[in-house]
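Report on the structure given below.
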Amino acid sequence: MKKIFIVGAGPGDPDLITVKGLHMLQTADVVMYTDSLVNEDLIAKAKPDAEVIRTAGMHLEEMVAVMVDRVNAGKVVARMHTGDPAMYGAIMEQVALLKKEGIGYEVIPGVSSVFAAAAAIGAELTIPDLTQTLILTRAEGRTPVPEFEKLRDLASHHCTIALFLSATLTKKIVKELQNAGWADDTPVAVIQRASWPDQKIVRTTLVELDEAMRVNGIRKHAMILAGWALDPNIHDKDEYRSKLYDATFTHGFRKGVKTSD
Ligand SMILES: C[S@@+](CC[C@H](N)C(=O)[O-])C[C@H]1O[C@@H](n2cnc3c(N)ncnc32)[C@H](O)[C@@H]1O
């Protein structure tokens, strides 16, 4: 079956693409990408005679028509998606139309902005005995969120929460998390344009989040990470040590050291 390649372009830094994704970019005959989100320096690595198509001004049917045309002409088509295509990539609507034309697809994963954001602040989002869960979600704005996924309900788990597409919805976020019992001083980190040269990091607390966004002029392209795993002083707290590296903990690859009480 003929197919297109849907490639995770990573969060911004052109080096944050997988080897496989880069290979696809460098060998594709046709490279399509959203110019507002994918780094031009990365796209510049396409082969010199590749047809490079910016898609920000195109609607879905137009974009798919180009894919169908080029694939049917025997070209290798790489559709570059920001971060990882599986998160808010809107790939299924493209795939559904392609399927009607008898064209399949292969996804090459990418580094999602959630992980570039965590890396930017050197955070671990799952801290032993504190939280072992990360929820990836968005606040409800113009795009509705299903009934059972309201932020307040998700926040009842008191784990780490990563919010995509929510920079203009911080008032709502604060209210929902407070309604779920989150303390006002819960740490929040906002990373705007993670891994880009103009990356901006704002560390704040839940109660100050909305004001911090306003003062820093952050209204888009931001990842909001919330929860106690984001505590900037977490390194100084001995109680959050992983059992994996604990000298007394035995696992498949290491025998634990006996300690006397
Ligand atoms: C349409 S979604 C695409 C997400 C993408 N598929 C990913 O895995 O990162 C766009 C949202 O992702 C987040 N985002 C994308 N790139 C970012 C970056 N470099 N830094 C911070 N947030 C980013 C922002 O929340 C933005 O509103």
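Laboratory data are not the source of any read-out in this text; all were calculated from the coordinates shown. Everything quoted here is computed from the prediction, not taken from an experiment. Note that each Cβ is placed from the backbone with ideal geometry, even for glycine, and that neighbours are counted across all protein chains shown.
Compute the normalised compactness of region 1-143: alpha-carbon radius of gyration over 2.2 N^0.38 Å, N being the residue count. Walk me through the numbers on the way to the answer.
Details: Rg = 16.4 Å, N = 143, 2.2 N^0.38 = 14.5 Å.
The value comes to 1.13.
For region 114-236, with the dipole built from +1 on Lys and Arg beta-carbon atoms and -1 on Asp and Glu ones, taken about the Cα centre, which of A194, H158, L177 lies farthest toward the positive end?
A194
What FRET efficiency, computed as 1/(1 + (r/R0)^6) with R0 = 45 Å and r the Cβ-Cβ distance, is obtained for V207 and E62, rounded to the nearest 0.05?
On the way: r = 45 Å, r/R0 = 1.00.
With R0 = 45 Å, the Cβ-Cβ based efficiency is 0.50.
Once you order the gyration tensor axes a ≥ b ≥ c over the Cα atoms, which shape class does region 142-243 get: rounded for a/c under 1.5, otherwise prolate or oblate by comparing a/b with b/c? Each step should come with its number before you reach the end.
Numbers: a/c = 1.66, a/b = 1.08, b/c = 1.54.
Taking the square roots of the gyration eigenvalues as a ≥ b ≥ c, region 142-243 is oblate.
Along region 82-89, what does the Karplus equation 6.51 cos²θ - 1.76 cosθ + 1.60 (θ = phi - 60°) give for ³J(HN,Hα), rounded to whole Hz, x for Gly and Pro?
Couplings: 4, x, 9, x, 6, 9, 6, x Hz.
For the chain, take the longest principal axis of its alpha carbons; what is the angle in degrees between that and the long axis of helix 170-179, to the nearest 10 within 0 to 90?
Its long axis makes an angle of about 40 degrees.
Past 22 Å, Cα to Cα: identify those pairs from K172/K220; K20/K75; K75/K100; K150/K237; K20/K99; K172/K237, in the order given.
Numbers: K172/K220 16 Å; K20/K75 18 Å; K75/K100 19 Å; K150/K237 32 Å; K20/K99 24 Å; K172/K237 31 Å.
Too far apart for the 22 Å limit: K150/K237; K20/K99; K172/K237.
Can you give the % of DSSP beta bridges in region 69-227 that are antiparallel, to the nearest 5? Show your work: numbers first, answer last.
On the way: 15 of 20 bridges.
Bridges in region 69-227 that DSSP calls antiparallel: roughly 75 percent.
Could you check the simple spin-label distance between Q178 and K20, using points 7 Å along Cα→Cβ, in nm with one decimal?
4.6 nm
Spelling out what I want: for every residue of region 5-20, take phi, set θ = phi - 60°, compute 6.51 cos²θ - 1.76 cosθ + 1.60 (Karplus), and round to whole Hz; glycine and proline get x.
For region 5-20, the Karplus curve yields 10, 9, 10, x, 8, x, x, x, 3, x, 7, 8, 10, 6, 4, 5 Hz.
Per DSSP helix of 4 or more residues, -39500 (n - 2.57); summed, then divided by the residues of the chain. What does that give at 222 nm, rounded to the nearest 500?
Details: 8 runs with 66 residues, N = 261.
It comes out at -7000 deg cm²/dmol, rounded to the nearest 500.
Round to a whole angstrom and tell me the spacing of the C-alpha centers of region 108-184 and region 38-52.
33 Å
Can you list, bin by bin at 5 Å, the percent of alpha carbon pairs in the chain, starting at 0?
Values per bin, smallest distances first: 1, 6, 12, 14, 14, 13, 11, 10, 8, 6, 3, 1, 0, 0, 0.
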